[in-house]
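> Take a look at the following structure, please.
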Amino acid sequence: ITSTNVSLSCISEMRDKLRKWREENYRNSEQIVDVGEELLNEHASKLGDDIWIIYEQVMIAALDCSRDDLAWSCLQELKRQFPDSHRVKRLAGMRLEALERYEDANKLYDSILQDDPTNTAARKRKISILRAQGKSSEAIRELNEYLEQFVGDQEAWHELSELYINEHDYAKAAFCLEELMMTNPHNHLYCEQYAEVKYTQGGLENLELARKYFAQALKLNNRNMRALFGLYMSASHIAASPKVSAKVKKDNMKYGAWAASQISRAYQMAGRGKKENKCSVKAVEEMLESMQITMS
Amino acid sequence: MGEVELSCLAYAKMYLHASQFPRCSVNGLLLSSSPAGAAVCITDCVPLLHSHLSLAPITQLALTQVDAWCSQTQQRIVGYYQANACVSDSSPTPCALKIAEKIFEQCNNAVLLMIDGEKMFPGCRVPPIVMYERKDARWTLKDKHTIMLRQWEETCSIVNQLFSSGDQTLLVDFDSHLDDITKDWTNQKLNAKIMELISPANGNV
């Protein structure tokens, strides 16, 4: 498609795609490079002021795809337009990170922070470098320090919870997720992740908490299959425990049975007309059956 | 010191799995349709997770479901694979050891396979894998000479073909299945495509 043949509506469609991906923070870098490169190479004149944010978006995606050629040219355009910008400097740092020139990247970020100690982007990049280098405990320490100052940074709390999960420090991961649930009470994913952490910690109390939060996640999004399975599994384990009262056992068997029926239904609907998921449907049925046996 | 044979099908899907999620740690189970014996024939694999590998519920769920599927299809779980997000580190994580240990309880020549991300580049002549076996209550590195990848050149070419045809996007892992349960984690469609590419003259891989 040459530039003369592409209609304005087509260009506008591509711009909308890029905007959507920007707003939703998708990391579909190959698609972004695909669409973005065409827009920038062929239709730059029609992008107006959007062009700068598109250069930034495409540059980051290009780094993700090892397209240093594209990243470099985007960076040059941005440097030319915004010669003293910290935001552009940070992008230059990201390029150095992609090239694994971590010392040079850190120097760049340190110079930003010297100029502006409140620059959160530069601080986060430094923490990302620690992560990339496998220095988890340092990354965790830095991130904790960061959060003492910027206690409302959701992205940072989530990053910290991920780091703790990787380090098997489930208690601290739970704490981070509690923060996130407090500030995002309608987010079913945080509830479900919290439940998974509690389940992993194990023990009757944690299993009951897990069950409650799986249930909460389902209330917020009744199609969350992880939450549904989680509810089924935690209720089944509680019911099977010799330490619970008859009433608790009965209640949890009820929850488990409800979850099992929901799971069955979901898989029946999914399996309709699709020969290829016969296997997964059968596997689920067998699993539900076998767990029924251990429960009673 | 038993021999381990890794089929093209199993290798291809592991490779595709690691490639599909380059920024994540991924893991999966290694299966065998051969009877138990001194040698381990890894004939297939099931890609499991690309997030929160160390959390219990989904891992337990996946193990149970794969177990059920295996008994329906006369296969056994004979090992576990993992590719770490951090490319320069291909050593088994505590979670990898834990799951491998569980598999060992049922299969005494179980194999722990770590994918070496640093060797995953086009033209690399060495298989990007490191294998461990259980000896003296520890997981120890396996002698490379006991690991067989039949038709290695052909396997590489098949993997390349999958990428150029775009078929690598067909791969479904258990995590993706939970996001959309109409997706098939047994990968029947992809398996068929791979088997098509494996020339019949080379026998059963």
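> If I filter region B:162-180 down to residues being within 18 Å of B:CYS70 (Cα to Cα) and within 12 Å of chain A (Cβ to nearest Cβ), which single residue comes out as surrounded by the fewest Cβ atoms within 10 Å (Cβ to Cβ)?
B:HIS177
> Here is a list: B:SER34, B:SER7. Which entry is buried (at least 21 other Cβ atoms within 10 Å of the Cβ), closer than 24 Å to B:LEU190 by Cα and away from chain A (no Cβ under 14 Å)?
Going through B:SER34, B:SER7 in turn, just one is buried (at least 21 other Cβ atoms within 10 Å of the Cβ), closer than 24 Å to B:LEU190 by Cα and away from chain A (no Cβ under 14 Å): B:SER7.
> Quick check on region B:86-103: of everything there that is more than 9 Å from every other protein chain (Cβ to nearest Cβ) and over 17 Å from B:ALA137 (Cα atoms), which residue is surrounded by the fewest Cβ atoms within 10 Å (Cβ to Cβ)?
Ranking the candidates gives B:SER91 first.
> Regarding B:SER51, is this residue under 27 Å from A:LYS172 (Cα atoms) and within 14 Å of another protein chain (Cβ to nearest Cβ)?
yes
> Pick from region B:181-194 the residues that are in contact with a helix residue (DSSP H, G or I) (Cβ under 7 Å, 6 or more places away or on another chain) and among the aliphatic types (A, V, I, L, M): which of them is nearest to the other protein chains (Cβ to nearest Cβ)?
So the residue we want is B:ILE181.
> Just checking, which of B:GLN72, B:GLN106, B:GLN60 is farther than 30 Å from A:GLU30 by Cα, in contact with a Cys (Cβ under 8 Å, 6 or more places away or on another chain) and surrounded by fewer than 23 Cβ atoms within 10 Å (Cβ to Cβ)?
Result of the check over B:GLN72, B:GLN106, B:GLN60: B:GLN72.
> Give me a count of the residues in region B:150-188 that are β-branched (Val, Ile, Thr), in a helix (DSSP H, G or I) and more than 19 Å from B:SER7 (Cα to Cα). So that I can check it myself, show each step before the final result.
So in region B:150-188, the residues β-branched (Val, Ile, Thr) come out as B:155, B:158-159, B:169, B:172, B:181-182, B:186.
After this cut, where a residue has to be in a helix (DSSP H, G or I) as well, the list is B:155, B:158-159, B:169.
Now drop any that are not more than 19 Å from B:SER7 (Cα to Cα), which leaves B:169.
Looking only at that region, the number is 1.
> Do any helices (runs of 4 or more DSSP H) entirely within region A:55-136 hold 3 or more residues that are touching a helix residue (DSSP H, G or I) at 6+ places or on another chain (Cβ under 6 Å), exposed (fewer than 15 other Cβ atoms within 10 Å of the Cβ) and hydroxyl-bearing (Ser, Thr, Tyr), and if so, which?
Answer list for region A:55-136: none.
> Could you list, in sequence order, the residues of region B:106-125 that are outside any helix (DSSP H, G or I) and under 17 Å from the mean Cα position of the chain (by Cα)?
B:CYS107, B:ASN109, B:ALA110, B:VAL111, B:LEU112, B:LEU113, B:MET114, B:ILE115, B:ASP116, B:MET120
> Considering every residue within region A:154-169, establish whether at least one is buried (at least 20 other Cβ atoms within 10 Å of the Cβ), away from every other protein chain (no Cβ under 14 Å), under 17 Å from the mean Cα position of the chain (by Cα) and of a type in the set (Gly, Ala, Ser).
yes
> Do the conditions hold for A:ALA195, that is, is it in contact with a His (Cβ under 9 Å, 6 or more places away or on another chain), buried (at least 21 other Cβ atoms within 10 Å of the Cβ), among the small types (Gly, Ala, Ser) and within 12 Å of another protein chain (Cβ to nearest Cβ)?
It is false that A:ALA195 is in contact with a His (Cβ under 9 Å, 6 or more places away or on another chain), buried (at least 21 other Cβ atoms within 10 Å of the Cβ), among the small types (Gly, Ala, Ser) and within 12 Å of another protein chain (Cβ to nearest Cβ).
> Looking only at region A:212-233, how many residues end up being away from chain B (no Cβ under 11 Å) and surrounded by 24 or more Cβ atoms within 10 Å (Cβ to Cβ)?
2
> A follow-up question, please. I need the full set of residues from region B:27-42 which are touching a residue at least 40 places away in the same chain (Cβ under 8 Å) and not hydrophobic (A, V, I, L, M, F, W, C), in order please.
Within region B:27-42, B:ASN27, B:GLY28, B:SER32, B:SER33 meet the criteria.
> Please find, among A:SER261, A:SER280, A:SER236, the residue that is small (Gly, Ala, Ser), exposed (fewer than 14 other Cβ atoms within 10 Å of the Cβ) and in a helix (DSSP H, G or I).
Going through A:SER261, A:SER280, A:SER236 in turn, the sole match is A:SER261.
> Within region B:61-81, take every residue that is more than 7 Å from chain A (Cβ to nearest Cβ) and under 15 Å from B:ASP173 (Cα atoms) and give me the one that is nearest to the chain's Cα centre (by Cα).
Only one residue fits best here, namely B:TYR81.
> Regarding B:GLY123, is this residue more than 19 Å from B:ALA10 (Cβ to Cβ) and within 14 Å of chain A (Cβ to nearest Cβ)?
no
> Output yes when any residue across region B:138-146 is more than 21 Å from B:ALA62 (Cα to Cα), assigned to a helix (DSSP H, G or I) and within 14 Å of chain A (Cβ to nearest Cβ), and no when none is. Break it down into steps so the answer makes sense when it comes.
First, pick out the residues of region B:138-146 that are more than 21 Å from B:ALA62 (Cα to Cα): B:138-146.
Subsequent filtering for residues that are assigned to a helix (DSSP H, G or I) retains B:144-146.
With the extra rule that they be within 14 Å of chain A (Cβ to nearest Cβ), the set shrinks to none.
No, the conditions are met nowhere in region B:138-146.
> Related question: Just to be sure, is B:VAL159 among the hydrophobic types (A, V, I, L, M, F, W, C) and more than 14 Å from chain A (Cβ to nearest Cβ)? Spell out how you get there, then give the answer.
Numbers: among the hydrophobic types (A, V, I, L, M, F, W, C): yes; more than 14 Å from chain A (Cβ to nearest Cβ): yes.
Against the criterion (among the hydrophobic types (A, V, I, L, M, F, W, C) and more than 14 Å from chain A (Cβ to nearest Cβ)), B:VAL159 qualifies.
Where a number appears in this text, it was derived from the coordinates with a stated rule and is not lab data. All of these numbers come straight from a predicted model, not from anything done at the bench. Heads up, the Cβs are rebuilt from the backbone with ideal geometry, glycines too, and the neighbour counts pull from every protein chain shown.
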